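Just so it is clear, none of the values below were taken in a lab; they were calculated from the coordinates. Predicted model, so just to flag it, every value in this text is computed and none were measured. In this analysis, Cβ positions are derived from the backbone assuming ideal geometry, glycine residues included, and neighbour counts consider all displayed protein chains.
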Amino acid sequence: MNSNNESIVSRIRQHFPNIDHDISGKERIFLDNGAGSLVLKEAANAENFARINASANVDGQYYESELNEEILKKGREALAVLFNSKSPDNIFQGESASSLSFLIAIALRNYIGKEGNVISTYNEHYSSVGPYIFLKKNGFIRDVKLTKINPETTEIDLEHMKELMDKNTKLIVATAESNLTGTKSTITQLRKLADENDGLLIIDGVHYAPQDLIDVTSPNVDAFIISMYKLFGPRGSFAYLSDNLLRQSEPYNVDPFTNRFKGSFMELGTRDQAIFNSSFEVVKFLSNLIEDKGIISRSGIEEAFAWNKSYLTNLNKFILEGDGYTPGLNNIKNVRILGIKETKDLDRRGSTFSFNFENIDDAKAEKIYWEKFGITVVGGNHFNLAHDYLSRKSVLRVTFLMYNTIEEARKFLKATEYIASI
Ligand SMILES: Cc1ncc(COP(=O)(O)O)c(C=O)c1O
């Protein structure tokens with residue numbers, strides 16, 4: 001690791017109290033980031049602070065109520081910077097990405113209409129496609145069609161997507177990065193396809209968010225959904241929704257007088273101030289990662305993700321190819337990786353790696369990683385449609401984030417080499 005990267009990563013690690021051990025004191029390497037990251041110290045403290053001190057509801061003319069409102073406002077503003085949204089009014093909060101996806105789908109039922117169809121892909125988390133299957137089953141919309149993916153790279157087959165589209169296609173729903181294989185989608189191409197029908201484009205950015213820069217203006221998307229527990233923060237999620245999508249939406253509103261362009265239009269019930277306060281700290285941390293300016297800024301976010309991307313690209317190269325001392329996944333006999341494997345294609349993938357061993361099943365391998373090496377590697381279908389499409393009942397998955405070191409990656413590769421040789 002070059003010394004600049006080393007000092008940034010070691011600085012980052014100081015913000016995560018459990019970075020190298022769990023509460024039992026066991027030393028471990030945390031690579032189950034695809035299922036949820038470790039939590040930033042400042043985010044946890046802010047969650048606690050808001051829970052205790054701002055538990056009052058909004059709209060009161062007393063201190064705790066005003067503090068609650070202030071926290072919600074600051075949180076929304078911070079998230080607007082992270083998404084690069086022109087206004088905090090386009091930011092909506094939900095209990096999970098799944099619940100936001102359902103709310104958005106239900107709100108769009110009449111826009112899609114009884115003759116309309118939705119196009120998605122086989123790269124999706126169940127929560128992105130499930131809501132539209134629900135609309136179809138209940139007769140609100142005509143169809144949900146799934147685009148094939150390339151069995152080798154798991155990239156979306158855009159030609160097939162074009163074939164599936166027709167004049168009744170109202171919406172494309174796709175992931176920014178597969179939570180199963182780490183393969184990224186070309187959002188610009190998806191935007192062009194959606195535009196051919198003046199359709200909407202919804203992006204699931206849950207897995208992508210801790211790895212790459214979010215910018216809802218480049219290209220313009222109509223929804224971008226993230227979950228804070230994948231991004232060093234609390235359980236709870238946020239979505240950017242475009243004015244265009246909001247205009248087409250008819251959500252269920254508890255409050256009949258709700259403003260179409262404000263929170264309660266898409267948010268059901270009282271918000272949890274602790275999630276907003278904690279998420280604010282995540283955005284602040286990212287804004288000040290490279291240079292401590294003490295404020296939240298888009299330029300700080302851009303610097304953080306420029307560094308993060310180049311750091312993780314190097315790390316990903318090492319995972320695939322190894323070096324003179326350690327073999328990479330591509331060179332270990334008995335390891336079968338899913339998705340993009342060529343180092344020349346690293347810009348088309350993120351830092352998630354899924355694989356099986358030829359010599360040992362996933363459950364046994366998972367146990368050895370944990371008991372012999374103290375590494376959190378988890379097998380399963382990871383709630384992603386591709387596992388079925390590619391006929392892999394279960395795959396082992398690891399995800400490297402900005403706090404993972406090259407040394408941790410080396411230990412993971414050595415453990416993998418050992419298990420492959422059993
Ligand atoms: C790509 C992707 N989308 C959506 C989700 C669902 O997120 P949530 O648990 O917040 O509903 C996940 C969770 O693993 C995910 O990885």
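With label points built 7 Å along Cα→Cβ from the Cα atoms of residue 137 and residue 11, find their separation and express it in nm.
About 5.0 nm, to one decimal.
Could you calculate the contour length gain from residue 297 to residue 58, that is, 0.36 nm times the residue separation minus the distance between their Cα atoms, to one decimal place in nm?
Length gained between residue 297 and residue 58: 83.3 nm.
Out of 342, 42, 291, any idea which swings most in a Gaussian network model of the chain, alpha carbons joined below 10 Å?
Maximum among the listed residues: 291.
Have a look at 80, 176, 54 and tell me which one the Gaussian network model of the chain (Cα, springs below 10 Å) gives the largest fluctuation.
Per the Cα network of the chain with a 10 Å cutoff, 54 tops the list.
Amide H neighbours of residue 29 under 5 Å, counting only residues 5+ apart in sequence or on other chains, H built in-plane at 1.01 Å?
Under 5 Å from the amide H of residue 29 lie the amide H atoms of 375, 376, each far enough along the sequence or on another chain.
Along each principal axis of its Cα atoms, how long is the stretch 215-267 end to end? Whole angstroms, biggest number first, please.
36, 28, 12
Compute the length gained on full extension between residue 321 and residue 268: take 0.36 nm times their separation in residues and subtract their Cα-Cα distance, giving the result in nm to one decimal.
The span from residue 321 to residue 268 would gain 14.3 nm if fully extended.
What's the center-to-center distance, using Cα atoms, between the stretch 87-158 and the stretch 328-362 in Å?
First find each Cα centre; the distance between them is then 29 Å.
7 Å from Cα along Cα→Cβ at both residue 86 and residue 361: what's the point-to-point distance in nm?
5.6 nm
In percent, how large is the relative contact order of the chain, given Cα pairs closer than 8 Å and 6 or more residues apart?
Value for the chain: 22 percent.
Considering only the other residues whose Cβ falls under 15 Å of the Cβ of residue 389, what net charge follows from Lys and Arg at +1 and Asp and Glu at -1?
Here the count lands on -1.
Quick check: convex hull over the Cα atoms of the stretch 1-135, volume per residue in Å³, rounded to an integer?
About 215 Å³ per residue, rounded to a whole number.
Restricting to the stretch 47-285, what percent of DSSP beta bridges are antiparallel, rounded to 5?
45 percent
Mean Kyte-Doolittle of at least -1.0 plus a Cα span of 24 Å or more along the axis: flag which DSSP H helices in the chain meet both, please.
63-83, 298-321
Could you bin all the Cα-Cα distances of the chain into 20 Å bins starting at 0 and give me the percent of pairs in each, rounded to whole numbers?
In whole percents, the pair-distance histogram is 26, 56, 17, 0.
With the chain treated as a Gaussian network of Cα nodes joined by springs under 10 Å, which of 27, 155, 77 yields the largest mean-square fluctuation?
27
Working out 0.36 nm times the residue gap between residue 22 and residue 261, then minus their Cα-Cα distance, what length gain in nm do you get to one decimal?
Gain on extension, residue 22 to residue 261, equals 81.7 nm.
Mind giving me the FRET efficiency for residue 314 and residue 73? R0 is 41 Å, r the Cβ-Cβ distance, nearest 0.05 is fine.
So the FRET efficiency works out to roughly 0.60.
Restricting the count to DSSP beta bridges whose residues both fall in the chain, what percent are antiparallel, rounded to a multiple of 5?
So the antiparallel bridges amount to about 60 percent of the total.
Rounded to two decimals, what is Rg over Rh for the stretch 47-285 when you use alpha-carbon atoms and the Kirkwood radius?
Taking Rh as the inverse mean 1/r over Cα pairs, Rg/Rh reads 0.98.
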